[in-house]
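Input: a single structure, listed below in structure tokens.
The values are calculated or read from the model by the stated rules, or taken from the named source; none is laboratory data. No experiment lies behind these values; they were computed from the predicted model shown. Glycine also receives a Cβ, built like all others from the backbone with ideal geometry; neighbour counts cover every protein chain displayed. The area values use the complete protein model at the heavy-atom level, side chains included, leaving out ligands, DNA and RNA. Shrake-Rupley method; radii C 1.70, N 1.55, O 1.52, S 1.80 Å.
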Amino acid sequence: NSMILTDRLKQFADGSTAVDIAPYLCYCTLDIISETCFAFEIKAQVNNDPNPLANIKTITDISTLRVTDPLLIFDWIFNFTKLAKKYNAAVKYYHDLIRKVIQKKTQSGSYHPVGSKPTLIDLLIENGELSHDEILGEVSSIGGAGTETTATACCFVLAMLGEHQDVQEKVLEEQKRI
């Protein structure tokens with residue numbers, strides 16, 4: 001996934017053009033998190049499908065708005081708004097995606113290929129202590145929140161490295177040693 005990201009960003013690497021890389025990082029983190037948490041390839045970077053990322057963004061944006069707007073905190077008020085319809089549609093899209101993975105894994109009886117490392121969803125299913133709805137809640141929370149949080153953190157780090165060239169050189173040296 002990082003190689004795909006690098007290839008997509010190469011087109012802008014002329015040394016003078018400013019580019020908002022946040023969407024590219026969001027697609028990359030969505031791909032990474034979906035593979036490591038769900039064992040499911042969304043391939044958002046390759047397909048340029050805005051639906052998974054747009055739905056996650058809708059969920060996080062409306063959730064944030066609900067926390068900051070005193071009237072929207074109450075479900076009985078929120079449910080009468082247009083935002084509720086938009087939010088519920090986004091949650092349904094995202095949850096349906098994860099439900100398919102859970103069903104596929106539980107029906108096959110083999111949660112992960114022999115010799116491979118289990119993903120988060122594999123471990124939660126194998127543990128057997130959580131219902132499918134509880135697994136769905138855990139995985140969707142981590143996947144949804146993790147996508148934007150990780151992409152935002154990466155953007156911040158890259159911005160700071162751009163401001164502090166001496167640190168950027170040290171990071172580059174460390175990468176070369178690794």
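Residues Leu97, Leu130, sorted by accessible area with the largest first, give Leu130, Leu97 [1.4 Å probe; ligands and nucleic acids excluded]. Relative contact order of region 33-178: 26 percent, from C-alpha pairs under 8 Å at least 6 residues apart in sequence. With the simple spin-label model, which puts each label point 7 Å out from Cα in the Cβ direction, the Glu126 to Glu169 separation comes to 4.7 nm. On the basis of the beta-carbon distance and an R0 of 22 Å, Ala145 and Asp69 show a calculated FRET efficiency of 0.65.
The simple spin-label model puts a point 7 Å past each Cα toward its Cβ; for Lys100 and Leu161 those points are separated by 3.4 nm. If you bin all the Cα-Cα distances of the chain at 5 Å, starting from zero, the percentages per bin are 1, 7, 13, 16, 16, 14, 12, 9, 6, 3, 1, 0. With N the number of residues in region 51-155, Rg(Cα) / (2.2 N^0.38 Å) evaluates to 1.25. Legend: residues Tyr87, Tyr94, sorted from most to least accessible area (1.4 Å probe; ligands, DNA and RNA excluded), read Tyr87, Tyr94. Given a 1.4 Å probe and the protein chains as shown, Asp96 ends up with an accessible area of around 50 Å².
In the full protein context, region 24-178 carries 64 Å² of accessible surface per residue, based on a 1.4 Å probe and ignoring ligands, DNA and RNA. Axis angle, to the nearest 10 degrees, between helix 165-177 and the longest C-alpha principal axis of the chain: 80 degrees.
Using Cβ point charges alone (K and R +1, D and E -1), the dipole size of region 3-52 about the Cα centre works out to roughly 60 debye.
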